[in-house]
Amino acid sequence: MVFTNHTHTAPALVDFFRAKREEEYLLWLTKRIVGTAAELRPEEPYRVSLGTATACGLAHNRRWYMRDGSVVTNPPKCTPFMVKPEGPVDESVQVLRFQPQVNAPSALFVNISNHTDTVGGSKISAE
């Protein structure tokens, strides 16, 4: 299964840029994931593993400081007026794997970061 998500207002999972990790949401999310995993054919043992890797070049910062001191979103590529990106880029990729002990396909959930909250607030939107 492949799925994607993109939101401008959602709870932060890690401290990144100005976003602060929301512990209460992480506890809720963990309970939901563990509860769902417990419903996976409980008569068969599963190996659950979590990994993190780096994917250089997968993400980029689209906001740039310009020579005149302004910050521009999506300036034209290779413009000579770009100085540096406004902030860091999260190049990590997280993978959650559910592997049955028998010879069967794994279930993989892959998460990458897109960009941090640009609207503000902590409500979950329908984006």
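Brief remarks on what is shown
- Ascending count of other beta-carbon atoms within 10 Å, so fewest first, for TRP28, TRP64: TRP28, TRP64
- You can think of it this way: the chain between GLU44 and GLN101 has 19.8 nm of extra reach, that is 0.36 nm per residue less the Cα-Cα gap.
- In this structure the amide hydrogen of PHE16, modeled in the peptide plane, comes within under 5 Å of the amide hydrogens of ARG21, none closer than 5 places in sequence on its chain.
Taken together, the values in this text are just the output of simple stated rules run on the coordinates, not laboratory data. Remember, it's a predicted structure, so these values are computed and weren't measured experimentally. Cβ coordinates were reconstructed from backbone atoms using ideal geometry, including for glycine residues, and neighbour counts include every protein chain displayed.
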